[in-house]
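Working notes, structure below.
Every number here is computed from the coordinates shown, using simple stated rules; none is lab data. Quantities reported herein were computed from a predicted structural model and do not represent experimental measurements. Positions of Cβ are generated from backbone atoms using ideal geometry, with glycine treated the same way; all protein chains shown enter the neighbour counts.
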Amino acid sequence: MNGFINVLKPPGMSSAAVVSFVKRMANEKHVGHAGTLDPEAAGVLPVMIGRATRLFDYLVDKEKSYVAECAFGASTDTQDAQGTVLETGDAYPTMDAVREACRKLTGDISQTPSMYSAIKVDGKPLYARARRGETVDVPQRTVHIEEIRILGEMPDHGVLLQVDCGRGTYIRSVCDDLGRLTGCPAHMRFLLRARSGVFTLDNAMTLEEIRAASEQGTLAERLLPLDLPLGHLPVIDLPQRMRKPALNGARFAAPEEIREGENVRTYLDGTFLGITAREGSEMAWKVLILPGS
């Protein structure tokens, strides 16, 4: 079983727990997630199965989209609704003030992730350290936010937002920053990841759907193809006469248009074989996936 499952993760479940669930349902040892999602968040979590795990270093998940509710009136130590209230205020901002604050948070910005984020320090997520009472200095990082759109007002001084951003962006920190910029404490009340690269809500499966497909023996048919998230890479399609040397991992002449060191999706007569990269005048295999074996 080789491919991707785009899991629609429910809130309250860690990314590691999702991987364990998929391992059981797929009866596969080699399973991993491609991009952590905080336990309290819901949404798409790409999971690699079998030989798909070999492709991790070549995936691009820079383009992400979230739907979040920012609640004005209180800030918390976790920057979300599960935390302890640190500050309250009733100087609720107008929609114009929120729009202006959103504009200030677009582009390349500096962000300090919450101690309750999934960032790992010494191999352990910050949220696990925080729950044990540990304190760790979390350095600022530069993240990119393409756009923050206001989708509407919500009850109890909430604002529903869509945030299109790059990897490493913490939406709870965006909500906290919106409170700071508008002069009214705020936190994140709800978060849904709607997109991670090519993985969207449209091609996601719930845990119930995955379990049902496993019980029916149709889970392999539901896997997303190995080359789906590799569309950013150029393509080489080898002729059928190259079948035997290609499957043996032999190098072959590099096309002139491929740059030195450039990773390339490589096919054999239309069938995805793996990834090669130019080394001098030849293409060398970086990942070779043997079809049908």
Angle, helix 15-26 long axis vs. longest principal axis of the chain, Cα atoms, 0 to 90°, nearest 10?
40
Can you list the aspartates and glutamates whose alpha carbon sits under 13 Å from that of residue 120, skipping same-chain ones fewer than 8 residues off?
38, 137
Which label marks the calculated value of Cα extents along the principal axes in Å, given the options (1) 73, 46, 37; (2) 52, 44, 39; (3) 64, 47, 41?
(1)
Alpha carbon centre of the range 9-62 versus the range 186-209: separation in Å?
13
For residue 274, which sequence-distant residues (separation of 5 or more, or a different chain) have an amide H within less than 5 Å of its own amide H, given hydrogens modelled in the peptide plane?
266, 289
Given 52-60, 241-249, the highest-first ranking by average Cβ count within 10 Å works out to 52-60, 241-249
The helix 171-182 Cα axis meets the longest alpha-carbon principal axis of the chain at an angle in degrees, between 0 and 90 and rounded to 10, of 30
Give the aspartates and glutamates reachable from residue 286 as a straight Cα distance under 17 Å; neighbours fewer than 8 places away on the same chain don't count.
57, 227, 237, 260, 262
Do any cysteines of the chain lack a neighbour Cys whose Cβ is under 4.7 Å away, and which are they?
102, 165, 184
With axes computed from alpha carbons, what is the tilt in degrees of helix 207-216 against the longest principal axis of the chain, rounded to the nearest 10 within 0 to 90?
30
Most mobile of 238, 192, 226 per a Gaussian network model of the chain (Cα springs, under 10 Å)?
238
Please tell me which of these pairs span more than 32 angstrom C-alpha to C-alpha: 64/244; 23/124; 9/244; 23/104?
64/244; 9/244; 23/104
Can you sort 288, 37 so the residue with the fewest Cβ neighbours within 10 Å comes first?
288, 37
